[in-house]
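Engineer: One structure, as structure tokens, below. Some questions next.
The values are calculated or read from the model by the stated rules, or taken from the named source; none is laboratory data. It should be emphasised that the depicted structure is a prediction, and the values quoted were computed from it without experimental measurement. Keep in mind that these areas ignore ligands, DNA and RNA; they rest on the heavy atoms of the full protein, side chains included. Shrake-Rupley method; radii C 1.70, N 1.55, O 1.52, S 1.80 Å.
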Amino acid sequence: MKITECYEVTGGDGEQRGFDCTGVFTPRSAVQPRREITLDSAAGKHRAGSIVEVRTAGGTPTNCRLTG
């Protein structure tokens, strides 16, 4: 995933709960198209343009987790 932007996210109680990042996901399979996704609850704020490896949940790249 190539990061477009990261932003701080707060919970319903107003407490900071981490960062979400948006970017472009490129599937390993050449059959599937690249698409915009959100990295939910990233461990930290990633710089725009940085590349992070993600694993999709159930094959649906909408809310992903960082893999390492």
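Engineer: For the condition on the phi > 0 side of the Ramachandran plot and at pLDDT 85 or above, what is the one hit in G58, G68, G14?
Structural biologist: Answer to the selection: G14.
Engineer: If you don't mind, there's one more thing I want to ask. Taking segment 8-44 as the region of interest, how many residues are in a loop (DSSP other than H, G, I, E, B) and either among the small types (G, A, S) or open to solvent by 30 Å² or more (accessible area, probe 1.4 Å) (or both)?
Structural biologist: So the count comes out to 15.
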